[in-house]
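Student: Before anything else, here's the structure in question.
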Amino acid sequence: MNTINRKKPTRQQLFRAWMLQNGLDLSDLAGQLGVTKQRLSALMGQKQACKRIRERLLQIGIPEELIPEPVVTKRQALAENRALRARLAELEPGSGTAA
């Protein structure tokens, strides 16, 4: 019995398909980014990418959904955590300060 693979394509597979549709290869894009094609290939396989590279990929015209998520620094994560805790404290009943 033949089975058909119905798995959703990965982001990396969609990225490669986008490159083919747009007549590009890793060498072209790597040259535009100022990195080696090996570095670009590794980068596109990662879950996260630095802000500078993400911005360059977007400027080149690569759809955002094909680019790795932005890196969240520890400082950013801590600031977001503090903001969420403060918001939660505001929403909790009886958390208001009485003078």
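Student: May I ask which residue of 63, 41, 31 lies farthest towards the positive end of the charge dipole of the chain, with charges of +1 (Lys, Arg) and -1 (Asp, Glu) on Cβ and the Cα centre as origin?
Tutor: Going by the charge dipole, the pick is 41.
Student: Using Cα positions and a limit of under 24 Å, work out the lysines in reach of residue 37, with same-chain residues fewer than 8 apart set aside.
Tutor: Answer for residue 37, where 24 Å is the Cα cut-off: 47, 51, listed by chain and number.
Student: Here's another thing I want to ask about it. Place a +1 charge on the Cβ of each Lys and Arg in the chain and a -1 charge on the Cβ of each Asp and Glu, then give the dipole magnitude about the Cα centre in debye, rounded to the nearest 20.
Tutor: Value, rounded to 20: 320 debye.
Student: A follow-up question, please. Which far-off residues, 5 or more places away or on another chain, put their amide H under 5 Å from the one on residue 49, with H placed in the peptide plane?
Tutor: Sorted by chain and number, the residues that satisfy this are 69, 71.
Student: Restricted to Cα positions, what overall size does the chain have along the principal axes? Three whole-Å values, descending.
Tutor: Between the extreme Cα coordinates on each principal axis of the chain lie 68, 48, 19 Å.
Every number in this text was worked out from the coordinates using simple rules, so none of it is lab data. Computed from a prediction, not measured in an experiment: that's the story for all the values here. Ideal geometry is used to build each Cβ from the backbone, glycine not excepted, and the neighbour counts take in all protein chains shown.
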